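In what follows, a structure is listed as C-alpha cells, so that the remarks can point back to it.
Values quoted throughout were computed directly from the atomic coordinates according to the rules given, and no laboratory measurement underlies them. It should be emphasised that the depicted structure is a prediction, and the values quoted were computed from it without experimental measurement. Cβ atoms come from the backbone with ideal geometry, glycine included; neighbour counts cover every protein chain shown.
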Amino acid sequence: MELPRQTAATTTPLRRSFLRDNPSVLWFMGLLGLFTLIVTLLSEGMGIGLISTNLVKVLGMTLCLCLIAVAMDVVWGYCGILSLGHFAFFGLGGYAIGMWLMYARTEIVIRDSLGRGTIPPTELEVSEGVAAQIFGVVGSSELPLIWSFAGSLPFQLAMVVLVPGLLALVFGWLAFRSRVTGVYLSILTQAMTLALSLYLFQNDTGLRGNNGLSGLQNIPGFLHLPQSILSVWFFWASAFALGAGYLLFAWLVSGKFGSVIRAIRDNETRVRFLGYNVEGYKLFVFTVTAIVSGIAGALYYPQAGIINPAEIAPIASIYLAVWVAIGGRGRLYGAVIGAAGVSLLSSWLTGGGAPNIDLGFYRIVWTDWWLVLLGLGFVAVTLFFPKGIGGLFDYLVRKP
Amino acid sequence: MSALLEVSGVSVTFDGFRAINNLSIAIGEPELRAVIGPNGAGKTTFMDIVTGKTRPDEGRVIWGERSIDLLRLSESDIAKIGIGRKFQKPTVFEDQSVRDNLAMALKNRRGPLSVLMWKPTAQDRARIEELAEEIGLTERLDHRAGALSHGQKQWLEIGMLLAQDPRLLLVDEPAAGMTPAEREHTTDLLKRAARTRAVMVIEHDMDFIRRLDCRVTVLHEGAVLAEGSLDHVTKNQQVIDVYLGR
C-alpha cells in the first residue's frame, strides 16, 4: 500500500486566514461595536439620556484620537519612523472639512438675510457677503484663492485626503531620499509641524490666523437637527472610521509587508541588501498613515466645533508619541489603549471633573499637576513596562 | 569562463586613509573564491563597494553579460540584480520567525504593492522547507530568529542568501564563532552553492580556507598581493611577511 505523499501545502502555511491569525482584531471589533451600542443606548439624542451630548462628543473625539494613534503606531511602532508631525496631517484634514462647514453654513445665513429684500441676490453678492462674514475678523472681505471651491463638499472631502497625502508624499520623499533617519528625522518632522503652525497663525494666510475656523459643529443641511442627534451620528462615523482604519492597518502589518517594515525598523541596511527599496516602503507607510490622520482630523473637528493653529503645534504630535509609547508600540490595540486612556484621563483631570486633593500643607490642583502626572507615568512605563500597557496582554496570552 | 564580476582600478579614501588602492579583482561563474588578508587590508570595504554601500573615488565595477555598471545602482537594485551579501556579524531579524526571515529573502517581487498582495505559493512554501532543511533549521522554522544560537543565526543568514537565489554570494567571515562541526557544515553549504554560482568568502581561519579548497586572493593595503591556490600563495614570500608571518 502506498501512503499519500505529504505535500508542501499540508505543512504550516505562512499565512492562514487573516482573522484566524489575528484574534485581537476580532476582539477589538467586537468591543468597539459593543461600546458604540452602549453609548448610543445611553445617549441623550437616541437613548435614555444617561450620557450627555457633550460626553458623546468627547467620546467620539476620543475615537478619532485612537485612529490617529493607530496610524502613529504603524509609522513608529512598526516602521520605526518617530514622526512628530502626524498631528499636522490631522489638523490639515480638520481645516479641509472646516472650510466647507464654515462656507456652506455662512452661505445659508447670507442667502437668508439677503433673500428678505425684494430683489433676489446675485451670486456675486452672496459670495462677497460670505467673504465679508468669514474674513471680517482678520480685516479682509475678499475670499482667498484656496476658498474657491470651499462651497463644494466633494471637493473639500477630496482635500481631506489629498492635502495631508501630498504633503506627506513630498516631505517624505525629500527626507527619506536623503536617508535622514532616527532623531534627525524626528526633528525634521517637528520642524515641519512648527513651520505649518506658525504659518497658519498669520492673518493673511487665508485660514483666519489664530482665530481658526469655528462653528464647525453646525452641519449645513442638518441645521434643523439638534446637537444631541448629530453628536451620535458623528460618534458612529468616528467608530466606523476607527474600525475600518484598524482593519486596514492590521491587514497591512500582518503579512509579508508587515514583516518588511518591522525589518526596516530593526535594521534598514540589511533590508536594503535583501533587495528592498527601503525608501519606497517608508514613503508608502508615511503617506498612508498621513492620509488616515487627515481623515481622523476631519471627523474630530466637527465634534470639537473649532480648529485653530494651536492644534497643530508640535506639542500635540509629541503627546501622540507619548500615548503610543504608554499604550505599547508595535501592537495596534496598545495605541488605542494609550490614546483613549491618556486623553480621557486628561480631560477628566483638566476639565475639573476630578476632585482636587488637599494634603493639609499643600493642595494638589489637577489642572496644574496633570502634566507632572503624565510625565511621571511616561517615565514609569518606559522604565518598568517597556512594552507599554498593551504589553501586559502578553502575560494573558502566551505566544509560542 | 568569462568574468561575472569585474572590479578594475578601484580606489577609495576615508579621511585621507586609502582603504582600497587601485584594486582589480574578477570572479567567474561558477567559482568559489576565498579572500584573505590582514586586518585593514580592505576586505570588507571591497564588499561594501560591490554591494553599493560605499562609492569608490575611482575605478570601475562591471557586472554580467551586459556589462552593467554597478556604481550607478542603489544597494537594493544591486541586490535585485543578483548579488547577495552575508555580513560579518550575523544580522537576521531577531524579532521575527525563521520562516518570516526566509520568506522575506525569497526571490519574489520587491515593490511595496506586490509585497502587500503577496500570498505564498506552494512553490514558495516548498522552497522555504527545502532551505530550512539545507541549513538544518527545519525544527526551528516557527521560532523567533533571536532565539537561535550564534551558529544557527549564521546559517539562517546563509539560508536567506540562498533564498535570494543570487548569482554572486559575498560571504564575510561565515565561520566566526562556530564550533568545528558547524564549520564543516558551513564549508559543505558554501561548496555546494559554488557549484552553480559565484561565491566569494572572506575568512581569517586558514583551516577553513584549506577545506574550501579553492582559489585564494590575498589582499594587503587595499590591493591584491597574490592570487592562486592556497599552497601557491602561502609560499609567496610577501604573503608570509605581511600576513602569515605575524
(request) Would you mind giving the three semi-axes, in whole Å and largest first, of the ellipsoid equivalent to segment A:252-400 according to its Cα gyration tensor? (result) 34, 22, 13
(message) What do you get for the angle between helix A:278-304 and the principal long axis of chain A? Use alpha-carbon atoms, 0 to 90 degrees, nearest ten.
(response) 40
(message) Distance cut-off 26 Å, Cα to Cα: go down the list A:K282/B:K119; A:K282/B:K43; B:K80/B:K191 and report the pairs above it.
(response) A:K282/B:K43
(message) For chain A, take the longest principal axis of its alpha carbons; what is the angle in degrees between that and the long axis of helix A:256-266, to the nearest 10 within 0 to 90?
(response) 90
(request) Starting from the Cα-Cα distance between A:W251 and A:F361, subtract it from 0.36 nm times their residue separation and give me the gain in nm to one decimal. (result) 34.2 nm
(request) Starting with the fewest neighbours, write out A:S43, A:S83 ranked by other beta-carbon atoms found within 10 Å of each beta-carbon. (result) A:S43, A:S83
(request) For a label point 7 Å from the Cα of A:D21 along Cα→C-beta, name the residues of segment B:52-96 whose backbone N is under 17 Å from it. (result) B:95-96
(message) Taking 0.36 nm per residue of sequence separation and subtracting the Cα-Cα distance, how much length would be gained by fully extending the chain between B:D69 and B:N21, in nm to one decimal?
(response) 15.3 nm
(request) Pop a pseudo-label 7 angstrom from the Cα along the beta-carbon direction at both A:E128 and A:F393 and give the gap in nm to one decimal. (result) 6.0
(request) Could you work out, residue by residue across A:255-267, how many beta carbons of other chains sit within 10 Å of that residue's beta carbon, and then give the average as an integer? (result) 6
(message) Can you tell me what share of the DSSP beta bridges in segment B:3-244 is antiparallel? A percent to the nearest 5 is fine.
(response) 55
(message) If I model a spin label as a point 7 Å beyond the Cα along the Cα-Cβ vector, how far apart are those points for A:R177 and B:L113 in nm?
(response) 2.0
(request) Give the angle, between 0 and 90 degrees and rounded to the nearest 10, that separates the Cα long axis of helix A:332-350 from the longest principal axis of the Cα atoms of chain A. (result) 40
(message) For A:T367, B:T234, which order do you get if you count the other beta carbons within 10 Å of each Cβ and list the fewest first?
(response) A:T367, B:T234
(request) Specify the inter-centroid distance of segment B:1-19 and segment A:111-187, based on alpha-carbon positions, in whole Å. (result) 55
(request) For segment A:18-396, divide the Cα radius of gyration by the Kirkwood radius and give the resulting Rg/Rh value with two decimals. (result) 1.00
(message) Could you work out the pair-distance distribution P(r) of segment A:166-293 from its alpha-carbon pairs, with 5 angstrom bin width and percents rounded to whole numbers?
(response) 2, 8, 12, 14, 14, 15, 13, 9, 7, 4, 2, 0, 0
(request) May I have the pair-distance distribution P(r) for segment B:3-244, computed from all Cα-Cα distances with 5 Å bins from 0 and rounded to whole percent? (result) 1, 6, 14, 17, 19, 17, 13, 8, 4, 1, 0, 0
(request) Taking the convex hull of the Cα atoms, report for segment A:245-327 its projected area averaged over all directions, in nm². (result) 6.8
(message) Please compute the length gained on full extension between A:S152 and A:I187, using 0.36 nm multiplied by the number of residues separating them and subtracting their Cα-Cα distance.
(response) 9.0 nm
(message) Loop only by DSSP, 12 or fewer other Cβ within 10 Å of the Cβ. Give me the trypsin sites (Lys or Arg not before Pro) in segment B:76-149 that pass, ordered by residue number.
(response) B:R109
(request) Please order A:L50, A:L124, B:L148, B:L131 by the number of other Cβ within 10 Å, starting at the fewest. (result) A:L124, A:L50, B:L148, B:L131
(request) Let me know the mean shielding of A:280-288 by other chains, meaning the per-residue number of their Cβ atoms within 10 Å of its Cβ. (result) 2
(message) Need one number: nm distance between label points at A:A310 and B:A147, each 7 Å from Cα along Cα→Cβ, rounded to one decimal.
(response) 5.2
(message) Restricting everything to alpha-carbon atoms, can you work out Rg to Rh for segment B:128-181 with a Kirkwood hydrodynamic radius?
(response) 0.95
(message) Taking amide H atoms as placed 1.01 Å from N in the peptide plane, list the residues 5 or more away in sequence, or in a different chain, whose amide H sits under 5 Å from that of B:V35.
(response) B:V201, B:I202, B:E203, B:T217
(message) Based on the alpha carbons, how large is the Rg to Rh ratio for the protein assembly as shown when Rh follows Kirkwood?
(response) 1.08
